[in-house]
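Working notes, structure below.
The values are calculated or read from the model by the stated rules, or taken from the named source; none is laboratory data. Predicted model only: the values in this text are computed from it and were never measured. Cβ sites come from the backbone with ideal geometry, for glycine too, and all protein chains shown count toward neighbours.
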Amino acid sequence: MKFGVFMAPFHPLGENPTLALHRDLELMSWLDYLGFDEAWIGEHHSAGWETISSPEIFIATAAERTKNIKFGTGVISLPYHHPLMVANRMILLDHLTKGRVMLGVGPGALVTDAYMLGIDPKTQRHKMDESLGIILKLLTEDEPITYHGDWFNLNEARVHLLPYSKPHFPIAVAAAQSPSGFVLAGKYGVGLLSLTSTPGGVQRKNTLADFWNMVEESASKNNRKVDRNEWRLVLHVHLADTKAEAIEQVRIGASKYQNDYFANTIGHDLDYDGPIENIVDDKVEKGVWVVGTPDDLIAKINDLEKESGGIGGIMFQVTEWGTREQVLHSYELIARYVIPQFNGSLENLEKSQLWSSNMKDRLATIRQSVLDKAKTDYDKNV
């Protein structure tokens, strides 16, 4: 199972935005050091909190500061860009990072972005479908492409440079507020980023198994193959040494995140009517967020595995609910105690310890006989 983060990012108003962006870069280096597999970086242009407007520029900067972690666009909003430009920019990143990039795509999450760009929100999902189809053709077909659509044209177009990754870098579709993302992942046989993966999401009546069934049904209709190993779930998580500590660390930050941004800035339903400072307690009780200890997160991932029938990755939503030090410690706890339970790194260590424990009495006898012989040999030579 792959582990990583999904970073919009979310930075509350009132803080130095330059320092916030450099904290984001610091986090990428910390995750790389801790051995996380991936980081997906968002694209937003309005509403004050999500301050990365070009995931490609951020990824290029972060890649120079890291060694192993892979970076995905989480996501490029395809209706905002000409598909040939998207393909060429991602190919450039693929070469600059020597294969450490992934293309994540979506229709665009913020209506405020679409409004400023003069895009009818009702057309965004259709435009994403149209664009993704062309991008895949540009990455996989040898012949030049001529295509005339209602919002972009191609005249004998081909990518300027072939991808560094063969046949091309991984591609994933984000699914959050409608079934369209699941359908598109199946239609094109690409990966899936499920942004709504726990109860309390928009698709409350569906289970994770239902989500994946949508992907497989779409793949079957379009003669494509899909792979559960390329299905990633995004979770809201904050860990500390005790559950009580974890909840108190995020009480204020989580309430601002949910109330100040999602409810009062972009107009989402708060789905909660109690004191705002207690929203973290409500979300934890409902199983929407994991705020607690490594054991709580291990149990949650095991539950998700069972409900889904199998997933390929867990991505943690970057939130900055706590202080800088508390946030960095949360990721360290994940790396030290959670990831090893799912990546197989403990398997032989546990087998070795069990074997030694089962053999301890026999080995103690052998050890004592060796010591007795050494003493006897010494006495003979004195």
**Prompt:** Looking only at the stretch 257-270, which residues are in a helix (DSSP H, G or I) and over 22 Å from the mean Cα position of the chain (by Cα)?
**Reply:** Asn259, Asp260, Ala263
**Ile311 being part of a loop (DSSP other than H, G, I, E, B), touching a residue at least 60 places away in the same chain (Cβ under 8 Å), within 16 Å of the chain's Cα centre (by Cα) and in the same structural domain as Glu216 (by TED's automatic domain parsing)** = yes
**The listed residue being in the same structural domain as Thr196 (by TED's automatic domain parsing) and among the hydroxyl-bearing types (Ser, Thr, Tyr), out of Thr293, Thr376** = Thr293
**Message:** If I go through the stretch 64-85 residue by residue, how many of them are closer than 20 Å to Leu162 by Cα and part of a helix (DSSP H, G or I)?
**Reply:** 3
**Message:** Given (1) touching a Leu at 6+ places or on another chain (Cβ under 9 Å); (2) assigned to a loop (DSSP other than H, G, I, E, B), identify the lone condition not met by Asp273.
**Reply:** (1)
**Item:** Restricting the stretch 314-345 to residues that are in a loop (DSSP other than H, G, I, E, B) and among the hydrophobic types (A, V, I, L, M, F, W, C), the residue that is surrounded by the fewest Cβ atoms within 10 Å (Cβ to Cβ)
**Value:** Phe342
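Of all residues in the stretch 236-250, how many are surrounded by fewer than 21 Cβ atoms within 10 Å (Cβ to Cβ) and either part of a strand (DSSP E or B) or hydrophobic (A, V, I, L, M, F, W, C) (or both)? Outline the logic, then answer.
So in the stretch 236-250, the residues surrounded by fewer than 21 Cβ atoms within 10 Å (Cβ to Cβ) come out as 241-245, 247-248.
Next cut, either part of a strand (DSSP E or B) or hydrophobic (A, V, I, L, M, F, W, C) (or both) only: 244, 247.
Result for the stretch 236-250: 2.
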**Fill in**
Of the residues in the stretch 94-150, those that are over 23 Å from the mean Cα position of the chain (by Cα), part of a helix (DSSP H, G or I) and over 22 Å from His45 (Cβ atoms) number 6
**Request:** Return the only residue of Met85, Met1, Met90 being touching a residue at least 40 places away in the same chain (Cβ under 8 Å), surrounded by fewer than 21 Cβ atoms within 10 Å (Cβ to Cβ) and more than 25 Å from Gln258 (Cβ to Cβ).
**Result:** Met1
**Request:** Determine whether the stretch 329-349 contains at least one residue that is over 29 Å from Trp231 (Cα atoms) and at pLDDT 95 or above.
**Result:** no
